[in-house]
Structures are given as structure tokens and as C-alpha cells.
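The values are calculated or read from the model by the stated rules, or taken from the named source; none is laboratory data. It should be emphasised that the depicted structure is a prediction, and the values quoted were computed from it without experimental measurement. Heads up, the Cβs are rebuilt from the backbone with ideal geometry, glycines too, and the neighbour counts pull from every protein chain shown. Accessible surface areas use protein heavy atoms only, side chains included; no ligands, DNA or RNA. Shrake-Rupley method; radii C 1.70, N 1.55, O 1.52, S 1.80 Å.
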Amino acid sequence: YRCDEYIDCYNMSDEWGCPISFPVVFIIFGIVIFLLICFALVCIIFTVVFGYIFRRKRVRAASPFFLLMMAGATIVGYGGLYAFFGQPDTVSCNFRIWLIFLAVVVVISSLFVKSFRVWRLYRSPTEIKAIPDWQLVLFVAVTVLPVIVVLALWTGIGTPSAVVEEQSDDKVHIVCRSDGLTGAAGTYIFFFILVGYIGIILIFGAMLSAATRNVVSTFNESRLIAVSIYNLVFLSCSVIPIVFVLQNSGPVVIWCIEVIAIIYGFSATLGLQFIPKMYGIFIRDRLKETKPTQSGSNGSGEGLTKSNSAAIF
């Protein structure tokens, strides 16, 4: 059991000093995740300062409440990665699925409702159809509810548990897998139910992205939805097959692929939401207020009117 890439001792003493060392990997990724959490906290502070105190249009146009919601969910997602560290136990196995999936669906739902708001304004340029934040928050809550139900069922009848079972090296190790009524099959059943549900949300998001592709860029959220779709495609179509193909490549390789994919999904979305706004306010505007572009972006001159632009603010 020494240097077999499985953590069989609670203090990880069986993996210290190995050529491929899980403890070293944990330290490196732990630092990276901590720095990303710090960046997400900076994003929250940035949104509060320039979305509510100084009320800059660059931030107000992007719905600061939902920016805060996405940044908060991203912190939860990053925090959920720490449940992948150390020797598996039943508590950490359950924290993995709850924190990661809830964070993912909140981020994606927030992007979806932001795009939906732009679509409602864009479809009728001469009529204000602003949607208050509380209605959009209600939509996000309704969207998250099925995920909570599935996770509750997963926890109740297919409880993710730390079990001792034989692995590819013909030794028994402690690993996370579903137990209870569903047995090991519950891991795949509930996982693909959740991935399929999130995929449906992103399909509708893609439709809104296509419908709002000609909206003036100041208020256009379609690119963010497209990035979210790319993240899901990357995670499901690339990572999942790779993990299955590399089952015999060792736990460290599989663990790194899974964690890097999750980090990429959250970080890419967070970065594309906040970095352009930070650049615009600090570099381009030099902390001064600027007026958003009001002209349309397609050949016919169609775009958001001044009244519809004001509805977002």
C-alpha cells in the first residue's frame, strides 16, 4: 500500500515521499484554489463598490445582484473542491456532490436569467419590459429546486459513502461511491440525471444567445452563455470520456483531470464576467463614468433604445 496513489492512512503517511505524491498535489492545488477564492472575494467587493455605492453603468448593466450571486456560488464551488482532498470519508463524499452541483447550477441559472432579461428588452425596442430582480431570483430558485431534489434522493437512497473495495491494482482501498439501495450504479444514474438537467438549461441559454446576438455589446450576455455551454461541453464530452479511458492511469491523474476541469469551468466564467468590467473601469474609464453605447449593432440599425437601456439600470 506504500506509494500506490491511494490514500489508505488518514494522515496520508503512506503517500509522502513518493515519486507521484498525492500530498504534494494537494498542497499545490490547495494554494491555487485559495488564490482563486481570494479573486472571487475581490470580485464581490468590486461589485458592491461599483454596482451599489458608485453605481457605474458598466457594472449596473450586468445586473450586480446576479454578479454577486455568481461570485458567491463560485466561492462555494471552489470550497467544494477541498472535499476532494485527503482520505475519503462519507461526509466529504456528500459535500463533493452538494457543493459542486449547487454552485454549477446557480452560476448557469444566473447567466441564463441575465440573458433572458436582455432578450425581453431586445424583442421589443419601443416598449420597456424590465423584469425586477426578485422575479429573476425566483426563477433561479425554481431552477435550482430540481437539483436539490435529485441531490436529496442521491443522498437518501444512494448515499455517497467511503467504502472499502477492490481497485484495478487488485488491492482494497477506501473510495467514494454510492451505497444504499442503488449500490454503485447510483453514482452514474444520479450524476447523468444532473448533467442532463444542466444541459437542458444551457440549451435554452443557447437559444437566447442566438436571439440576442445582435444586441449592442454593452448589454449583451450571449457570449457568457456561449462560454458556459463550452464549459459544459468540455466537462461532459471531454473530461468524462477521458476519465473512463484513463481508469488504469492512476488515481492522481484522474483526480487532477477532474479538479482542473472544475476549476476551469468556474474560473473561465468568473473571469469573463468580471475582468472586462475591471479593465473598463480602472484602465479605459480611469474610474470616471462613461455613457453606454446606444446604437444598434446590426446592419438594419436595430438595437436597444434609450428607454430600454435605462430599464436595465
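Would a scan of the range 48-58 turn up a residue that is open to solvent by less than 20 Å² (accessible area, probe 1.4 Å) and among the hydroxyl-bearing types (Ser, Thr, Tyr)?
No, because not a single residue in the range 48-58 is open to solvent by less than 20 Å² (accessible area, probe 1.4 Å) and among the hydroxyl-bearing types (Ser, Thr, Tyr).
Just need a number here: residues in the range 61-112 that are polar (S, T, N, Q), in contact with a helix residue (DSSP H, G or I) (Cβ under 7 Å, 6 or more places away or on another chain) and more than 16 Å from LEU270 (Cα to Cα).
Residues in the range 61-112 being polar (S, T, N, Q), in contact with a helix residue (DSSP H, G or I) (Cβ under 7 Å, 6 or more places away or on another chain) and more than 16 Å from LEU270 (Cα to Cα): 2 in total.
Suppose we filter the range 59-109 for residues that are touching a strand residue (DSSP E or B) at 6+ places or on another chain (Cβ under 9 Å), buried (at least 19 other Cβ atoms within 10 Å of the Cβ) and among the aliphatic types (A, V, I, L, M); how many remain?
Result for the range 59-109: 1.
So for the range 39-62 (the condition being within 18 Å of the chain's Cα centre (by Cα), under 25 Å from ILE131 (Cβ atoms) and outside any helix (DSSP H, G or I)), does at least one residue qualify?
yes
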